[in-house]
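Everything below concerns the one structure shown next.
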Amino acid sequence: MEEFRILLKKHSLKATPQRLAVHQAMMNLGHASVDMVTEHVLATGTKVTTASVYNILSQLALLGIYNHRLSSNNKMYFDVNVYGHMHLYDIDNHVFKDVIDDELFSMIQSKLMRKRFKGYKIEGLDIQIIGRPTKKKFATQA
């Protein structure tokens, strides 16, 4: 939490109880929508509105403290991991899971960063693997 406070200060933001509670919720959840974070924060007893959570998460994503991605159900999900990695997106349950395979990610990144896309400068890579649980027991594990 101290690292987060330092990041806030670096960006001239105050470590408000709401920001700290939202960050703690994100650390616990990893990948989460605004509604999920709001529910988690309210369960801790910190008063916060959904709009405030959305504003906090969006601001932190713009600063590069979190990443964000849109799901197929048109909900924005935020991610505490901002390093290069891939995601597995469960299209039935709208859940994101990290896929950590540095060798594969580096290989794909290296290949794509050498390619030329006329009229574009490539700034990054966002790999999302889309899947559906093959067994019911996996669908309940999130």
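The values are calculated or read from the model by the stated rules, or taken from the named source; none is laboratory data. Model, not experiment: these values are computed from the prediction. FYI the Cβ positions are ideal-geometry reconstructions off the backbone, even for glycines, and counts take in every protein chain you see. The accessibility values were calculated without ligands, DNA or RNA, using every heavy atom of the protein model including side chains. Shrake-Rupley method; radii C 1.70, N 1.55, O 1.52, S 1.80 Å.
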Original post:
Which residues, counting only those in segment 125-139, are without any contact (Cβ under 8 Å) to a residue 12 or more places away in the chain and touching an Asp or Glu at 6+ places or on another chain (Cβ under 9 Å)?
Top reply: Phe138
Subject >> Sole exception among (1) farther than 26 Å from Asp101 by Cβ; (2) not acidic (Asp, Glu); (3) not in a helix (DSSP H, G or I) for His23, by number >> reply: (3)
Subject >> Flag if Leu42 is assigned to a helix (DSSP H, G or I) and at negative phi >> reply: yes
Subject >> Selected residue (only one of Thr134, Thr50 is at pLDDT 90 or above, within 20 Å of the chain's Cα centre (by Cα) and open to solvent by 60 Å² or more (accessible area, probe 1.4 Å)) >> reply: Thr50
Subject >> Options Leu42, Leu63, Leu29; residue that is open to solvent by 40 Å² or more (accessible area, probe 1.4 Å) and within 19 Å of Glu123 (Cα to Cα) >> reply: Leu63
